[in-house]
Amino acid sequence: MAVLRDELIGLRSMDDMIKARQLVRDCAIFQGLSLVDQTKIVTAASELARNTLVHGGGGEMRLQALNDGPRRGVKVIFADRGPGIPNIELAMKDGYTTRGGLGLGLSGSKRLVNEFSIESQSGKGTTVSIVRWK
Amino acid sequence: MERIPILKMGPYLLVTIQVDMHDRVAMTLQDELTQRIVSERARGVLLDISSVDVVDSFIGRMIGNIASMSRVLDAETVVVGMRPAVAITLVELGLALPSIRTALNVDAGMTLLKSARKMAGNGRPAR
Ligand SMILES: Nc1ncnc2c1ncn2[C@@H]1O[C@H](COP(=O)(O)OP(=O)(O)OP(=O)(O)O)[C@@H](O)[C@H]1O
Ligand SMILES: [Mg+2]
């Protein structure tokens, strides 16, 4: 699998989050995703970037354009060294929130992408990775 | 801090949401809009999101909040110009916003608000 583009940006502020959304959009357009698929991955990225900021205390986003044979896709990885998620299964449920949100960020963004993985360790941080294929 | 203008159009208020709104700007908008509904005795709110290409759960929640707050203040909210890709994504995200009225453009939204009032005036339910 070839990685055509590989970018890393910090997620420390709302401005970074907005920049992150634009970068994901650019990459999705570059990879030829449909408008609906672009919107899905940008929306998922927006949810996860906000989680990195709000729950993780900031972190970074890595963005990759993937070519797997004829398949083209966009991969986005969010990583923080925040408090971690003690119970991932619970956090992934629709409506589960510890901060008065809607609790749709994790469960909803999973529905918007083709691949979703999450790793988290209490006290060490959280990494969420998503891929949307064309 | 940037602000989102709230325009008065007869008995209605028109809010045009910009692309890439900061979270805090969204919170301020909710507060200001509530105050303006009361001070202008507004009958309805037109929320134009035609230039918005991403609605995540935060902005979605803000739209839902505006609709419920204005309803409590006896003003109806119509969301105008939602892009099809945004609508599809919102449903998949899990935010269907069932109680939100939508219209294709500001004119259609205005017509909807007027007819909702007329229905209410005739003693039939407005919503
Ligand atoms: N990066 C993270 N670090 C620590 N905890 C997290 C992180 N991401 C999510 N969580 C935990 O998982 C819960 C669920 O996250 P999710 O994004 O689904 O909902 P939310 O952020 O609370 O609300 P919403 O995203 O709908 O506004 C959060 O309330 C939080 O407790
Ligand atoms: Mg969230």
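No lab work stands behind these numbers, since they all come straight from the coordinates. Given the structure is predicted, the values throughout are model-derived calculations rather than measurements. So basically every Cβ, Gly included, is an ideal-geometry build from the backbone, and we count neighbours across all protein chains shown.
Give me the extension gain from A:Phe30 to A:Asp94: residue separation times 0.36 nm, minus the current Cα-Cα distance, reported in nm with one decimal.
Numbers: separation 64, 0.36 × 64 = 23.04 nm, distance 3.19 nm.
Full extension from A:Phe30 to A:Asp94 adds 19.9 nm.
Spelling out what I want: for every residue of segment B:95-109, take phi, set θ = phi - 60°, compute 6.51 cos²θ - 1.76 cosθ + 1.60 (Karplus), and round to whole Hz; glycine and proline get x.
Couplings: 10, 7, 6, x, 8, 8, 8, 10, 9, 5, 8, 4, 4, 5, x Hz.
Taking Cα atoms, how many degrees apart are the long axis of helix B:23-39 and the longest axis of chain B, rounded to 10 and kept between 0 and 90?
10
Distance between Cα centroids, segment A:76-134 to segment B:51-97: provide it in whole Å.
For segment A:76-134 versus segment B:51-97, the Cα centre distance is 23 Å.
At a threshold of 8 angstrom on Cα-Cα distance, excluding pairs fewer than six apart, so keeping six or more, what relative contact order does segment A:14-68 reach in percent?
On the way: 30 pairs, mean separation 21.4, N = 55.
Relative contact order here is 39 percent.
Helix A:35-54 versus the longest principal axis of chain A: what angle, 0 to 90°, nearest 10, using Cα atoms?
Approximately 30 degrees, to the nearest ten.
When only C-alpha pairs under 8 Å and at least 6 residues apart count, what is the relative contact order of segment A:2-133, in percent? Could you put the intermediate results ahead of the total?
On the way: 276 pairs, mean separation 34.8, N = 132.
That works out to 26 percent.
Which of A:Thr98, A:Thr52, A:Thr43 moves the most in a Gaussian network model of chain A with Cα springs under 10 Å?
A:Thr98
List, in order, the whole-Hz ³J(HN,Hα) value for each residue of segment A:7-13 obtained from phi through the Karplus relation with A = 6.51, B = -1.76, C = 1.60 and θ = phi - 60°; use x for Gly and Pro.
With the stated coefficients, segment A:7-13 comes to 10, 10, 10, x, 10, 10, 8 Hz.
Go ahead and set up a Gaussian network model of chain B, Cα springs under 10 Å, then flag whichever of B:Pro11, B:Pro84, B:Pro98 fluctuates most.
It is B:Pro98.
Nearest 500 deg cm²/dmol is fine: what mean residue ellipticity at 222 nm does chain B get from its DSSP H runs of n ≥ 4 alone, each adding -39,500 (n - 2.57), divided by its residue count?
About -15000 deg cm²/dmol.
What are the residues whose amide H is under 5 Å from the amide H of B:Gly44, where those residues sit 5 or more places off or on another chain and H is modelled from the backbone?
For B:Gly44, whose amide H was placed from the backbone, the distant partners under 5 Å are B:Leu13, B:Glu76.
Express the relative contact order of segment B:41-104 as a whole percentage, based on alpha carbon pairs under 8 Å and six or more residues apart in sequence.
Working: 75 pairs, mean separation 27.6, N = 64.
Across segment B:41-104, relative contact order equals 43 percent.
Once the Cβ-Cβ distance between B:Ala108 and A:Ser13 is put in as r, and R0 is 41 Å, what FRET efficiency do you end up with, to the nearest 0.05? All intermediate terms of the calculation are to be shown ahead of the outcome.
On the way: r = 38 Å, r/R0 = 0.93.
The pair B:Ala108/A:Ser13 has a calculated efficiency of 0.60.
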